[in-house]
Amino acid sequence: MGIADQFKDKAQELADQAKRKMDEGREEGRERTQDASRRTSQTSQTSRQGRDKAQDATKNLRERRDR
């Protein structure tokens, strides 16, 4: 095997390795995005629940006051 062939093989190996790393990085990015979306959804739901509880408490206080 000549030096040129060795360089071609090494270049291909490095290109394949770089592609794998990029694919891994993309997958990692997707997972982070999905996690962030889940957390945002959970936070939004918790916020809605808190707002609903506050509105219920306000309604109850008004009803008691009006009696």
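The values are calculated or read from the model by the stated rules, or taken from the named source; none is laboratory data. Everything numeric here is computed off the predicted structure, so don't read it as measured data. Ligands, DNA and RNA are excluded from the accessible area calculation, which covers all protein heavy atoms including side chains. Shrake-Rupley method; radii C 1.70, N 1.55, O 1.52, S 1.80 Å.
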**Fill in**
Under the helix-only model (-39500 (n - 2.57) for each DSSP H run of 4 or more, divided by the residues of the chain), the mean residue ellipticity at 222 nm, to 500 deg cm²/dmol, is -36000 deg cm²/dmol
**Prompt:** Where does helix 3-66 land angle-wise versus the long Cα axis of the chain, in degrees 0 to 90, nearest 10?
**Reply:** 0
**Percent carbon-and-sulfur accessible area, the chain, ignoring ligands, DNA and RNA, probe 1.4 Å** = 48
**Message:** If you count only protein heavy atoms with a 1.4 Å probe, what accessible area per residue comes out for the chain, rounded to a whole Å²?
**Reply:** 96
**Prompt:** Can you pull the percent of Cα pairs in the chain with separation above 15 Å?
**Reply:** 75
